[in-house]
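K.L.:
Take a look at the following structure, please.
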Ligand code: SF4
Ligand code: SF4
C-alpha cells in the first residue's frame, strides 16, 4: 500500500574521517543497508532497512560505524506511545498480523531480579568448591516412592528411564529450519562435550546429527514433522510439545521459502510448502488422550526413554501440570512468557502467558501438596539468563533449566529480534548458505561449552556460599531465597519470605 509514515527506527552514524570505503559493511549486511555511491565516492545508508543487528558495527575494520536509536519521536503522549502508533501504521499498510521473534521485550516484572539468594555466615560454614567435592549432576525422570535394596546393597526397586546431566541445564527446542545447520551442529556438539542434552525442536533430526543421539531430545509437535521410528529411537528422550512460552495456544508456521533442501527432507514435507503446526494436537483433547500419546511413544521406544511433556506457562498451569504428572509423563517442561521463538504474532508474544517464576513455584507446590512431586521432574525455561537464574529456579523447585536465548547469544546473536525475516546476519536464524557459513560450528560449540562451563563454576560457587554441596540438596529449598519489593501475594505464590524476615 506504500506509505507507512514511519521514520526509521535506527540511524547509521558513519564517521567519514574513519571510513576507508572498504565495503565490508555492504557485504556483511543481508538487509542491504549499506552501499557505495560511485558518484559521491562515499558509502551511503538506507536506514529504513536497518534492524540494528550490529554485524556491520562489529566487523568495520576502522570502527567507523555506530547504530543508534533514532531520537525522532512522535508528539509525546503517555497513552499513545510511539511503538503503538507505528504498529497501527504497519497494520494499516499491510492488513496483516504483526510478526516478531525472540522473547517478550515488554517492561513486565522479572521476578528473578527481585529474588535474592542466601549465603552462610559464621554458624553454617560455606563450602569452598575448589577444594571440596561439589555435585552438579542431576537425573531427570520419575523417581521411585521408596528405595529398596537386596542384601548386597543392589537396588531392587524398578527405576524408570532417567536422563543424566552433568549440570542442571539443557539447550531447549530450536528446530532445524528456524535455526541453521551450523547453529544446530554447534548445539549438538556442545551438548555432547558438556554431558547435557540439546533439543531438535519440531523440525525432525538432520541425518548428520544422529551421531549425537545420546545427547538429543527428539520433539514430537502437533505437525509431526520428521517423526518416524528411527527418529524416536535416536534420541535420549522424547518431548511432546503441547505449547511454548512465546506463543501459548497457537501453532507454528515456518514459511515455504525456508523449506528448502535438507530442511524439507528432514521435515518430510515438499520443498516450498509452508510448515504449519496446528494449535492443538488433533488427537489430544484431554489428559487421557495425552496419556495415550505418552504411552504410544514409550511403546515405540521400548519403555527405554523418558517422555517429556512441554507446556507454556498459563493461568491454570498448576492444575495442568497435575494432570500431566498423572499421564505417565516422566518430565514436565514449562516455558514462561518470555521464552524466545523464531517467529510469533507480536500480540500473542507480548500479551499471553505468565512469568515462569510464578508458574514454577505454583506447580512445584501443587505437586507436593498432591504427593506426586516424585512422579515427574520439572524443567523450566523462558529467559534463563545466568547461573543465578538457574540457582533460583532450582531453589524454587525445578530439577533443571532449559536455555535457548542465552545459547544463541553465545553463538553471536545480537537480539535484533528479526529472526522471522530469515536474514540473520550472524548465521543463526537463516537458511541462506552465504549467511549460514558465517557461523563456524567449531567456534560456536566451543563458545557454548565455555558459557556452560562458566555457569557451572558459578553455580558451584553460589552453592558453596550457601553451605550446600549438591544441586539435589538445593531443589525446592525456598528457605534459601528472599524477595525484595514484592507484594505479599507475590511472595505467597513464590513461597518465599521477604528480605529481612
Ligand atoms: S565497514 Fe567501516 S570502513 Fe568499511 S565501508 Fe563500512 S563503514 Fe567504511
Ligand atoms: S538469531 Fe539472528 S535474527 Fe534472530 S535475534 Fe539473533 S541476531 Fe537477530
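K.L.:
Scanning for something at pLDDT 95 or above, at positive phi and surrounded by 12 or more Cβ atoms within 10 Å (Cβ to Cβ), does region 131-149 turn up at least one residue?
P.N.:
yes
K.L.:
Considering only helices (runs of 4 or more DSSP H) fully contained in region 219-326, which possess at least 2 residues that are under 23 Å from the mean Cα position of the chain (by Cα)?
P.N.:
229-234, 261-267, 317-325
K.L.:
Here's something else I'd like to know. Determine if region 74-84 includes at least one residue that is surrounded by 15 or more Cβ atoms within 10 Å (Cβ to Cβ) and part of a helix (DSSP H, G or I).
P.N.:
yes
K.L.:
Considering only residues that are free of Cβ contacts under 8 Å to residues at least 60 places away in the same chain and assigned to a strand (DSSP E or B), look in region 140-179 and name the one that is farthest from the chain's Cα centre (by Cα).
P.N.:
Only one residue fits best here, namely 149.
K.L.:
Let me ask something else about it. Residue under question is residue 19, and the condition is that it be within 11 Å of ligand 1 (Cβ to nearest atom), in contact (Cβ under 8 Å) with a residue 12 or more places away in the chain and farther than 20 Å from residue 422 by Cβ; does it hold?
P.N.:
Yes: the conditions hold for residue 19.
K.L.:
Within the bounds of region 351-374, is there any residue that is over 30 Å from residue 471 (Cα atoms) and free of Cβ contacts under 8 Å to residues at least 60 places away in the same chain?
P.N.:
There is at least one residue in region 351-374 that is over 30 Å from residue 471 (Cα atoms) and free of Cβ contacts under 8 Å to residues at least 60 places away in the same chain.
K.L.:
Can you name the number of the only condition in (1) buried (at least 24 other Cβ atoms within 10 Å of the Cβ); (2) more than 22 Å from residue 328 (Cα to Cα); (3) more than 14 Å from ligand 2 (Cβ to nearest atom) that residue 381 fails?
P.N.:
Failing condition for residue 381: (2).
K.L.:
Out of (1) at pLDDT 95 or above; (2) surrounded by fewer than 17 Cβ atoms within 10 Å (Cβ to Cβ); (3) more than 16 Å from ligand 2 (Cβ to nearest atom), what's the single condition that is false for residue 7?
P.N.:
So residue 7 meets the others, but not (1).
K.L.:
For region 344-351, check the following and say yes or no: at least one residue is surrounded by 23 or more Cβ atoms within 10 Å (Cβ to Cβ), within 15 Å of ligand 2 (Cβ to nearest atom) and on the phi < 0 side of the Ramachandran plot.
P.N.:
Taking every residue of region 344-351 in turn, at least one turns out to be surrounded by 23 or more Cβ atoms within 10 Å (Cβ to Cβ), within 15 Å of ligand 2 (Cβ to nearest atom) and on the phi < 0 side of the Ramachandran plot.
K.L.:
Could you list, in sequence order, all residues of region 424-455 that are without any contact (Cβ under 8 Å) to a residue 40 or more places away in the chain and within 16 Å of ligand 1 (Cβ to nearest atom)?
P.N.:
Scanning region 424-455 gives a single hit, 438.
K.L.:
Looking at region 389-397, can you tell me whether even one residue there is part of a loop (DSSP other than H, G, I, E, B), in contact with a strand residue (DSSP E or B) (Cβ under 9 Å, 6 or more places away or on another chain) and within 23 Å of residue 83 (Cβ to Cβ)?
P.N.:
No - not one qualifying residue is present in region 389-397.
K.L.:
Counting only residues that are in contact with a strand residue (DSSP E or B) (Cβ under 8 Å, 6 or more places away or on another chain) and part of a loop (DSSP other than H, G, I, E, B), which one in region 51-65 is nearest to ligand 1 (Cβ to nearest atom)?
P.N.:
My answer is 64.
Let's see how each residue does on (1) part of a loop (DSSP other than H, G, I, E, B); (2) surrounded by fewer than 17 Cβ atoms within 10 Å (Cβ to Cβ); (3) at pLDDT below 95:
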residue	(1), (2), (3)
445	no, no, no
448	no, no, no
452	no, no, no
463	no, no, no
485	yes, yes, no
489	no, yes, no
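K.L.:
Counting only residues that are surrounded by fewer than 13 Cβ atoms within 10 Å (Cβ to Cβ) and either in contact (Cβ under 8 Å) with a residue 60 or more places away in the chain or not in a loop (DSSP other than H, G, I, E, B) (or both), which one in region 109-130 is nearest to ligand 2 (Cβ to nearest atom)?
P.N.:
128
K.L.:
Now for a separate question. Taking region 10-50, which residues are assigned to a loop (DSSP other than H, G, I, E, B), surrounded by 13 or more Cβ atoms within 10 Å (Cβ to Cβ) and either within 16 Å of ligand 2 (Cβ to nearest atom) or at pLDDT below 95 (or both)?
P.N.:
29, 30, 31, 33, 50
K.L.:
Would you confirm whether or not region 370-377 contains a residue that is away from ligand 2 (no atom under 16 Å from the Cβ), in contact with a strand residue (DSSP E or B) (Cβ under 7 Å, 6 or more places away or on another chain) and within 30 Å of residue 472 (Cβ to Cβ)?
P.N.:
Yes, that holds for at least one residue.
K.L.:
Got a number for residues in region 329-359 being touching a strand residue (DSSP E or B) at 6+ places or on another chain (Cβ under 9 Å), more than 19 Å from residue 173 (Cα to Cα) and assigned to a helix (DSSP H, G or I)?
P.N.:
The qualifying residues number 4.
K.L.:
So how many residues does region 405-438 have that are more than 19 Å from residue 201 (Cα to Cα), more than 10 Å from ligand 2 (Cβ to nearest atom) and part of a loop (DSSP other than H, G, I, E, B)?
P.N.:
The total comes to 3.
K.L.:
If you go through region 83-103 one residue at a time, do you hit one that is at pLDDT 90 or above, out of contact with any strand residue (DSSP E or B) (no Cβ under 8 Å at 6 or more places or on another chain), within 16 Å of ligand 2 (Cβ to nearest atom) and closer than 30 Å to residue 481 by Cα?
P.N.:
Looking for residues that are at pLDDT 90 or above, out of contact with any strand residue (DSSP E or B) (no Cβ under 8 Å at 6 or more places or on another chain), within 16 Å of ligand 2 (Cβ to nearest atom) and closer than 30 Å to residue 481 by Cα, one finds at least one in region 83-103, hence yes.
The values are calculated or read from the model by the stated rules, or taken from the named source; none is laboratory data. For clarity, every value in this text was computed on a predicted model and none was experimentally measured. Because the Cβ atoms are built from the backbone with ideal geometry, glycine has one as well, and the counts that use them run over all protein chains shown.
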